[in-house]
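Engineer: Once you've had a glance at the structure underneath, I'll fire off some questions.
The values are calculated or read from the model by the stated rules, or taken from the named source; none is laboratory data. Keep in mind that this is a model prediction, so the values were computed, not measured. Don't worry about glycine lacking a Cβ; one is built from the backbone with ideal geometry, like all the others, and counts go over all protein chains shown.
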Number of protein chains: 4
Amino acid sequence: MKRILSMAVLAFAAAPAFAQEAPVYSANITQSEVLAAQQAWGNALVAIGKAYETGGQAAAAELANKVLDDAYGYNLGPVLFKPTLTEAPQTFRITKEGALAYFVGGDEDYPNDSGFALKGWTKVEIKNAAIHINGDVATTMGNVMITNKDGSVTTVDKTWKFKKTDDGKLRIVVHHSSLPYSS
Amino acid sequence: MKRILSMAVLAFAAAPAFAQEAPVYSANITQSEVLAAQQAWGNALVAIGKAYETGGQAAAAELANKVLDDAYGYNLGPVLFKPTLTEAPQTFRITKEGALAYFVGGDEDYPNDSGFALKGWTKVEIKNAAIHINGDVATTMGNVMITNKDGSVTTVDKTWKFKKTDDGKLRIVVHHSSLPYSS
Amino acid sequence: MKRILSMAVLAFAAAPAFAQEAPVYSANITQSEVLAAQQAWGNALVAIGKAYETGGQAAAAELANKVLDDAYGYNLGPVLFKPTLTEAPQTFRITKEGALAYFVGGDEDYPNDSGFALKGWTKVEIKNAAIHINGDVATTMGNVMITNKDGSVTTVDKTWKFKKTDDGKLRIVVHHSSLPYSS
Amino acid sequence: MKRILSMAVLAFAAAPAFAQEAPVYSANITQSEVLAAQQAWGNALVAIGKAYETGGQAAAAELANKVLDDAYGYNLGPVLFKPTLTEAPQTFRITKEGALAYFVGGDEDYPNDSGFALKGWTKVEIKNAAIHINGDVATTMGNVMITNKDGSVTTVDKTWKFKKTDDGKLRIVVHHSSLPYSS
């Protein structure tokens, strides 16, 4: 008998319909939001290249600035950003200025930066190895394949951590990108 | 033109199908889990009463003990529990012993407790006013209607905060229950 | 030998000093922030009463409106608010309008509300039974003692859940207040 | 006058002493816990190498297995692990088997793995560029310098995300390590 009672306790009955009509607030990030934010990053990379082609460095910088404001978390604090092609002692770009220099160059404080987003990328494809969702943050890891004008594809290993902020936007707070190791 | 580029950037394109096949870990609590855990609480209350009827106080205490282990967060630390019918200086039952005494009585350290779950409740209905989901915790607030053997219904105002622990279980970490105010 | 190795692995050595100098972003709520936000609620209750005394209902409403904007989470979504003295069918005040009516009255949609904050409270004391901290939210449960002009003290059982928003403010997202049960 | 009232509201007074004595549960991860967990990872890497030297591959594998159980989150689900020296199609090691193969080799399913932890590392130094704390997870990014037997130092760019589980342990749920880019 006790066994039956226990089962009754543990049987999670379907909740009645009216309960589901209560207003719900959720701060949580969802998988589909994460996948969309990844793709938006790819779209932005291509768009900055197009802005450069059409309007030059100034237009590219203006758009990149907007992307950094909208899609990165520099408004919250330091962003843990290790771009694919940076070198010591400027490997990590925890400020917005450092990120902007990486994407569009033209900053004398970052003399090695020629503008990664200005290279005319035409397509970005994302292949996640796994996703870790935890509250309002989610981390993805996998490959990102970016296609050049001539059709050649560069593959990088990439980790992103997105945070959903109060305004409902997903912002990149961690971004580690690296060229694949080759023995 | 810039306007069009911006739109392209912000257009969150549907993510490609393969991305959705990556293994996903999520610590997040969901609304349906919360609704099920609420109903399980109601089922447990009724089940403890039935155990009492069939097996006496010992059987009720055994089942209540199991429910507290499975469905409350006393294993994590203090639980913020204000039962409906407790009085100062024993209003708050932040230890498992205090909660057990409230549900099944029989504890000389809690002389005013006669066993709320032993009163023979036959039905529990939950009507949420709103739900607040935040990571692995969710809080509900609303009315709970519990029906007695003779069919009379008692309504209480109830707040529950559930935490989803590493084992995937939802545990009550906050429980504030009160009789409705009457002017 | 294996035992010694294991101990070496598990010995969490003090981290070197330089590591601590890295810039840190934290979304987490702290206990001291929670205690300060509780006291700020008490201060606000007294201040609204004083505004009423000096400037009448309009001044009280203006200040209460500001308090609700600053210290409650209605900007995020529904707030799970069960004030001490509300009755069905208006027990739960999940909108800002409902909360404002409770505090300062004067809203024909809430005819039973006479303005809880207008009663001339002079002092608010908070005694927590326990606190549950989880990411950017924290819940407190305990007694709140509010003193009237004539020095009489009313004690309520109160649960608050605070959420630290992106701007660093703590906002009340759950508030369940009830008069103590008396057998 | 209104200005003074507002200031009174916003002045976060010091909370009274008794409030601080309430029992507190916190799920949150702290900076010092994160720094200690980083150092523990370094200690473990050195310890596995010593176990290999003293007890051979079996001893190293036994210790590495224990480290993976204690300090990684494979018990929770897939871990987002990109070791420094892995190559496609086995770049990402989201299962414990893949991680173990990387650290100690000897797994025919991972024929390119010779055992990174068996190389006799003698010292691990960690230099964080920034830290992002969010609830029970925290991400660090920076350089890790590992010293070989002959005193030569290898520097890698490393991102770790730790999750504090219910048992109070910090577990690595994301680990992206890469050799520095060189133009």
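Engineer: Go through the residues of the range D:5-20 one by one and say whether even a single one is in a helix (DSSP H, G or I) and modelled with pLDDT of 95 or more.
Structural biologist: Applying the first criterion (in a helix (DSSP H, G or I)) to the range D:5-20 yields D:5-10, D:17-20.
Imposing the further condition that a residue be modelled with pLDDT of 95 or more reduces the set to none.
Scanning the range D:5-20, I find no residue that is in a helix (DSSP H, G or I) and modelled with pLDDT of 95 or more, so the answer is no.
Engineer: Still on this model: Might you check whether a residue that is closer than 30 Å to C:ASN134 by Cα, modelled with pLDDT under 95 and in a helix (DSSP H, G or I) occurs anywhere in the range B:23-42? If you could, list the steps in order and put the result at the bottom.
Structural biologist: Of the range B:23-42, the ones closer than 30 Å to C:ASN134 by Cα are B:23-42.
After this cut, where a residue has to be modelled with pLDDT under 95 as well, the list is none.
No, there is no match, as no residue in the range B:23-42 is closer than 30 Å to C:ASN134 by Cα, modelled with pLDDT under 95 and in a helix (DSSP H, G or I).
Engineer: Can I ask one more? Does C:ALA58 fit the bill of being assigned to a helix (DSSP H, G or I) and more than 25 Å from A:TYR25 (Cβ to Cβ)?
Structural biologist: On the way: assigned to a helix (DSSP H, G or I): yes; more than 25 Å from A:TYR25 (Cβ to Cβ): yes.
Spelling it out, C:ALA58 is indeed assigned to a helix (DSSP H, G or I) and more than 25 Å from A:TYR25 (Cβ to Cβ).
Engineer: Going residue by residue through the range A:66-73, is there one that turns out to be assigned to a helix (DSSP H, G or I) and over 22 Å from A:ARG171 (Cα atoms)?
Structural biologist: Taking the range A:66-73 and keeping what is assigned to a helix (DSSP H, G or I), we get A:66-71.
Keeping just the survivors that are over 22 Å from A:ARG171 (Cα atoms) gives none.
No, the range A:66-73 contains no residue that is assigned to a helix (DSSP H, G or I) and over 22 Å from A:ARG171 (Cα atoms).
Engineer: Can you say whether C:GLY49 is touching a Lys or Arg at 6+ places or on another chain (Cβ under 7 Å), modelled with pLDDT of 95 or more and more than 7 Å from chain D (Cβ to nearest Cβ), as far as the supplied structure shows?
Structural biologist: Numbers: touching a Lys or Arg at 6+ places or on another chain (Cβ under 7 Å): yes; modelled with pLDDT of 95 or more: yes; more than 7 Å from chain D (Cβ to nearest Cβ): yes.
The answer is yes for C:GLY49.
Engineer: Give me the pairs, please: first residue somewhere in the range B:45-73 and hydroxyl-bearing (Ser, Thr, Tyr), second residue anywhere and in a helix (DSSP H, G or I), beta-carbon distance under 8 Å, and either six or more positions apart or on two chains.
Structural biologist: Within 8 Å, the pairs are B:TYR52/B:ALA59; B:TYR52/B:ALA60; B:TYR52/B:VAL104; B:TYR52/B:ALA117; B:TYR52/B:LEU118; B:TYR72/B:LYS96; B:TYR72/B:ALA99.
Engineer: Determine whether C:ALA58 is under 30 Å from B:GLY73 (Cα atoms) and within 14 Å of chain D (Cβ to nearest Cβ).
Structural biologist: Values: under 30 Å from B:GLY73 (Cα atoms): no; within 14 Å of chain D (Cβ to nearest Cβ): yes.
Considered against the rule, which asks whether it is under 30 Å from B:GLY73 (Cα atoms) and within 14 Å of chain D (Cβ to nearest Cβ), C:ALA58 comes out as no.
Engineer: With respect to D:PRO89, determine if the residue is without any contact (Cβ under 8 Å) to a residue 24 or more places away in the chain and more than 30 Å from A:ALA138 (Cα to Cα). It would help to see each step written out before you state the result.
Structural biologist: On the way: without any contact (Cβ under 8 Å) to a residue 24 or more places away in the chain: yes; more than 30 Å from A:ALA138 (Cα to Cα): no.
So D:PRO89 does not fit the description; no.
Engineer: Identify, by number, the condition in (1) crowded, with 22+ Cβ neighbours inside 10 Å; (2) out of contact with any Phe, Trp or Tyr (no Cβ under 6 Å at 6 or more places or on another chain); (3) closer than 20 Å to B:THR159 by Cβ that B:GLU33 doesn't meet.
Structural biologist: Every condition holds for B:GLU33 apart from (1).
Engineer: If D:THR84 passes every condition in (1) within 16 Å of A:ASP157 (Cβ to Cβ); (2) over 18 Å from the mean Cα position of the chain (by Cα) but one, which one does it miss?
Structural biologist: Against the list (1) within 16 Å of A:ASP157 (Cβ to Cβ); (2) over 18 Å from the mean Cα position of the chain (by Cα), D:THR84 comes up short only on (2).
Engineer: Are there any pairs, at least 6 apart or on different chains, whose C-beta atoms fall under 8 Å, with the first in the range C:129-152 and closer than 30 Å to A:ALA27 by Cβ and the second part of a strand (DSSP E or B) and acidic (Asp, Glu), and if so, which?
Structural biologist: Close Cβ pairs satisfying both conditions: C:MET141/C:ASP157; C:GLY142/C:ASP157; C:ASN143/C:ASP157; C:VAL144/C:GLU125.
Engineer: I'd like the residue in the range B:142-183 that is of a type in the set (Phe, Trp, Tyr) and in contact with a strand residue (DSSP E or B) (Cβ under 7 Å, 6 or more places away or on another chain) and, out of all such residues, is surrounded by the fewest Cβ atoms within 10 Å (Cβ to Cβ). Give the derivation first.
Structural biologist: Narrowing the range B:142-183 to residues of a type in the set (Phe, Trp, Tyr): B:160, B:162, B:181.
If we keep only those that are in contact with a strand residue (DSSP E or B) (Cβ under 7 Å, 6 or more places away or on another chain) as well, we get B:160, B:162.
Working: B:TRP160: 24, B:PHE162: 27.
The extreme case among them is B:TRP160.
Engineer: In addition: So is D:SER26 at the interface with another protein chain (Cβ under 7 Å from one of its Cβ atoms), free of Cβ contacts under 8 Å to residues at least 12 places away in the same chain and within 30 Å of C:LEU35 (Cβ to Cβ) or not? Can you show your working first?
Structural biologist: Working: at the interface with another protein chain (Cβ under 7 Å from one of its Cβ atoms): yes; free of Cβ contacts under 8 Å to residues at least 12 places away in the same chain: yes; within 30 Å of C:LEU35 (Cβ to Cβ): yes.
Yes, satisfied.
Engineer: Sticking with this one: Name the single residue, out of those in the range D:103-128 being in contact with an Asp or Glu (Cβ under 9 Å, 6 or more places away or on another chain) and of a type in the set (Gly, Ala, Ser), that is nearest to D:LYS82 (Cα to Cα).
Structural biologist: D:GLY105
Engineer: Just name the residue that is surrounded by the most Cβ atoms within 10 Å (Cβ to Cβ) out of those in the range B:113-141 that are at positive phi and in contact with a helix residue (DSSP H, G or I) (Cβ under 9 Å, 6 or more places away or on another chain).
Structural biologist: B:GLY115
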